[in-house]
Amino acid sequence: MSPDPYQNCRLCPRDCGVNRCEGELGVCGESSEIRISHIGPHFGEEPSFTGTSGSGTIFFSGCSSRCFFCQNHQISTGHQGKVYTPELFMTEVKELIERKVHNLNFVTPDHFWPHLRELCLGLREQEILIPSVFNCSGYQKPGMVLEYSEFVDMFMPDMKFADGKLAGFCMNDRDYPEIAMEAIRRMVKTKGFLDPWDPTGRHAAKRGVLVRHLVLPGYVENSLKVLDLLYHEFGPGIPLSVMSQFRPVRGCSEKHAMTRSLFPEEYDRVIEHVERLGFEKVYTQVLSERTDYLPDFNDPEDPFPGHKKKDGG
Ligand code: SF4
């Protein structure tokens, strides 16, 4: 990586080539100053990450994917968050680790990778060892994966779209399916499947890859194709999280698409396909009318009112 990748930014597949140090903005909409919306223990991740004492989440503002239905739209396209100095970033991450979280969970970090790399190097120099998760959209430059893997232990990529036309409609890049599959291929090659696999959460994962997929209302066929792709590439052992929690957000009404939640029969069809293919390690979600699973980053101290520690903490 060049000394300052922000100067001619090509950190993600958008390849904007803008000078973020001079305040030029690319698709992710963030300058070279790191902006973070929330740092804290989170109890709403899959049990492999949440464990018993929470996953140490760090939510970065901005996103290079910019899906119109983004469930974190307040931070991804709304850019809520505050600018951190590298020193403050390190201080707050160390405070997070002191809260005994199982891991550091970097959420949508790719457009701030140079800062994150510095953080990981700093922790390593101080001999602070804790498993880390690169929690991402799947829309990563495959060529960057090897570098990420030198600093993080786990990858949690989305595989959002197998249908290029749908990807074009939702995030303006029809090449998402090929890009994401190649990135995930490389993630699995460097880290293997999630390990240990303990869906009770008693033994938090330390290494490997889990792939997430959010089922979209009206697009079950896309989900079936995503499952087919993953099965044919990795076999039934790839750990998956198949999510039903979609809620329509403002961008959906603007696009006149995905303006409702998922129907139970849609999710059932997807789970039936999971079972038909014989995937062995799968997190599923109860389809619920609850809306408090949708984060609210207007309250940066507690953006996840629906997710609390099981003992009421
Ligand atoms: S990180 Fe942002 S500016 Fe850089 S290439 Fe990606 S979208 Fe463009």
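The values are calculated or read from the model by the stated rules, or taken from the named source; none is laboratory data. On a predicted model such as this, the values are computed, not experimentally measured, just so you know. Every residue, glycine as well, gets a Cβ built from its backbone with ideal geometry; the counts of neighbours run over all protein chains shown.
Here are the numbers for the structure shown:
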item	result
Residues that are small (Gly, Ala, Ser) and assigned to a loop (DSSP other than H, G, I, E, B), drawn from region 13-50	Gly17, Gly23, Gly26, Gly29, Ser31, Ser32, Gly44
Residue pairs meeting the criteria (Cβ under 8 Å; at least 6 apart or on separate chains; first within 12 Å of the ligand (Cβ to nearest atom), in region 23-44; second at pLDDT below 95 and of a type in the set (S, T, N, Q))	Gly29/Thr77
Criterion violated by Asn222 - all others in (1) modelled with pLDDT of 95 or more; (2) touching a Ser or Thr at 6+ places or on another chain (Cβ under 6 Å) satisfied	(2)
Leading residue by the ranking (surrounded by the most Cβ atoms within 10 Å (Cβ to Cβ)) among those in region 74-101 that are of a type outside the set (Gly, Ala, Ser), touching a helix residue (DSSP H, G or I) at 6+ places or on another chain (Cβ under 7 Å) and modelled with pLDDT of 95 or more	Val93
Single match in Gln80, Gln74 (criterion: away from the ligand (no atom under 14 Å from the Cβ), assigned to a loop (DSSP other than H, G, I, E, B) and polar (S, T, N, Q))	Gln80
Filtered residues of region 63-75 (kept if of a type in the set (Ser, Thr, Tyr) and under 13 Å from Phe112 (Cβ atoms))	Ser64
Of residues in region 62-71 being among the polar types (S, T, N, Q) and closer than 20 Å to Val152 by Cβ, the one surrounded by the fewest Cβ atoms within 10 Å (Cβ to Cβ)	Ser64
Close pairs (6 angstrom Cβ cut-off, 6 or more residues apart or separate chains): in contact (Cβ under 8 Å) with a residue 40 or more places away in the chain in region 47-75, among the basic types (Lys, Arg) and part of a helix (DSSP H, G or I) anywhere	Phe68/Lys255
Which numbered condition Gly54 misses (of (1) more than 15 Å from the chain's Cα centre (by Cα); (2) within 16 Å of the ligand (Cβ to nearest atom); (3) buried (at least 18 other Cβ atoms within 10 Å of the Cβ))	(2)
Residues (free of Cβ contacts under 8 Å to residues at least 24 places away in the same chain and of a type in the set (Asp, Glu)) located in region 181-233	Asp195
Selection count where residues are part of a loop (DSSP other than H, G, I, E, B) and in contact with a Pro (Cβ under 8 Å, 6 or more places away or on another chain), scope region 119-174	10
Subset of region 1-22 that is within 8 Å of the ligand (Cβ to nearest atom) and of a type in the set (A, V, I, L, M, F, W, C) - its residue that is surrounded by the most Cβ atoms within 10 Å (Cβ to Cβ)	Cys9
Subset of region 146-161 (residues that are surrounded by 24 or more Cβ atoms within 10 Å (Cβ to Cβ) and out of contact with any strand residue (DSSP E or B) (no Cβ under 8 Å at 6 or more places or on another chain))	Phe161
